[in-house]
1. What dipole magnitude, in Debye to the nearest 20, does region 242-348 give about its Cα centre under +1 on Lys/Arg Cβ and -1 on Asp/Glu Cβ?
2. Let me make sure I get this right: for region 211-309, a, b and c are the square roots of the gyration tensor eigenvalues over alpha carbons, sorted descending. Under 1.5 in a/c it's rounded, otherwise prolate if a/b > b/c, else oblate. Which is it?
3. Tilt of helix 94-104 relative to the longest C-alpha principal axis of the chain, in degrees (0 to 90, nearest 10)?
4. Among 134, 254, 292, which residue has its Cα positioned farthest towards the positive end of the charge dipole of the chain, with +1 placed on the Cβ of Lys and Arg, -1 on the Cβ of Asp and Glu, and the dipole taken about the Cα centre?
5. Nearest 10 degrees, 0 to 90: what angle lies between the long axis of helix 138-150 and the longest principal axis of the chain (Cα atoms)?
6. Hey, fewest Cβ within 10 Å first, where do 339, 11, 44, 18 land in order?
7. Explain nothing, just the number: relative contact order of region 242-348, from Cα pairs under 8 Å at least 6 residues apart, as a whole percent.
8. If I fit a long axis through the Cα atoms of helix 109-123 and take the longest principal axis of the Cα atoms of the chain, what angle between them do I get, 0 to 90°, rounded to 10?
Amino acid sequence: MASVTLRALTKTFDAGTKPALQELSLDVRDGEFLVLLGPSGCGKTTALRCIAGLEEPTAGEVLIDEREVTHLPPAERDVAMVFQNYALYPHLTARGNIAFGLEVRGVAEPEIARRVQETAQRLGLMELLDRLPAQLSGGQRQRVALGRAIVRAPRAFLFDEPLSNLDATLRTELRAELLALHRALGATMVYVTHDQMEAMTMGQRIAVLHEGRLRQLGTPADVYQRPADVFVARFIGSPGMNVLAGHGRGMREGGGVVDCGSLSVPVAIEHYEGEIHLGVRPEYVSLCGEDQGMGNADIVVVEPLGAETLVHLAAGGQPLIARVPGLVELRAGERVGVKLDRRRLHLFDVAGERLA
Ligand SMILES: Nc1ncnc2c1ncn2[C@@H]1O[C@H](COP(=O)(O)OP(=O)(O)OP(=O)(O)O)[C@@H](O)[C@H]1O
Ligand SMILES: [Mg+2]
C-alpha cells in the first residue's frame, strides 16, 4: 500500500477558462480512507483522474509513496479506479472482467484462477462469475467492478461515486462492505462523493472541495464542529448550518453582541465590530415563548420527521432552521422566541472565513 500526495495541483482544460483544480495540495496517508467531497463540478473526478494518470495536470505534482508519478502513464502507477458507471467490458463475463487486468499483465493462468476465486468469494460473486454484465443487476455489476480493482492488489484504490447509481438500501449495504474491505485490506482508498452524509459516515478524513480549491481537510468531527468557512458550514449537515448576516457591536473584553435580523445574540469574541456572519447548527437553536429569548421569529414551515421536527423560521427576514426533538404543536404563521446555544456559535467574516 502507499500514500498519495498532491502538490499544488492545477488543471485547466481550455485556456482562458476557470481551472477545474486550483493548487490542490493533499496528503492521503498510507492505509487511510479519505473522502473527497464537494458539489457537482468542483473538480473531484478531475483530481482522481490526475492521480490515476488519466489526466495530465497543467501544473503541480502527484506522488505515490513519495515517488513522483505526475507524467507516468496509468499502467505504471499501480492504482485502481472504480467508476460510477461500472465501465465493465460488455462482451466479457464477470470472471473475464475480473481476470482481464491480470491477463494483460501476463500473470500465469493458475495464479489468475486462484486470485479470481478468492476475490469472488470475498465479494459474494461465486454464483455470478459466468454471467455477462447485461445479466447482472446494478449492485452486482458494481461488485464485479470492485472485484476487478481488488484482484490486482493495487497500491491505492480510487473510487468515483461508485454507489450513486444504486438504490438507498443497496447503497447502505455496499458502504458497509467497502469499509469492511478497507479494514481487511488495510488499503489506501480515496473515495469521491457529493453526498455529505456518505462522507461523514465513511471518511476517516474528509477533504472538502469547492470550485477546484481545497476548503478544509479534517475528520468528520472537525468539519462538522469547526468548519473553516461559510461554504463548508452550509455544505456539511442536513440541513446545513444556519448562517445569519449580522453586525457586531460592543465587542470588547468578555465579548459583545451580534445583531442579526430580529435577534440580538451575545457572543464571546473581542475586537470585531461591524459586518459579520453568525453560524449556528439547527440543533442548537431552541424555541421559547415570545419575548423570552434573544429575539422573536415567525414560523414559516413545520417539517415533522418523527423523532424530530425541523422548524423553518424567519428572524427579521433572515431564514433560520431549528431542529427540535419529537413532534411539536407549532404552526406556520405563529411567532415564537428564539435562543441560540452560546457555546455553539461560529463567527465568520464577510468573506466567509472563520473568525471563531
Ligand atoms: N474533459 C473536459 N474538458 C473540459 N472541461 C472539463 C473536462 N472535464 C471536466 N471539465 C470541467 O472541469 C470542472 C470539474 O469537473 P469534474 O468532472 O472534475 O467535477 P466533479 O466534481 O467530478 O463533478 P460531478 O460531481 O458532477 O461528477 C467542471 O467545470 C467541468 O465542466
Ligand atoms: Mg465527477
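Read the figures in this text as sums done on the coordinates, not as results from a lab. These figures come from a predicted structure and were not determined experimentally. With ideal geometry, Cβ positions are generated from the backbone for all residues, glycine too; neighbour counts draw on all protein chains shown.
1. On the way: 10 positive and 14 negative charges, 38 e Å.
It works out to roughly 180 debye.
2. Values: a/c = 2.08, a/b = 1.05, b/c = 1.98.
It comes out oblate by the Cα gyration axes.
3. The answer is roughly 70 degrees.
4. With unit charges placed on the Cβ atoms, the residue in question is 134.
5. Approximately 70 degrees, to the nearest ten.
6. Values: 339 17, 11 21, 44 26, 18 10.
By the 10 Å Cβ count, ascending, the order reads 18, 339, 11, 44.
7. On the way: 285 pairs, mean separation 31.6, N = 107.
Once normalised by length, the contact order is 30 percent.
8. 30
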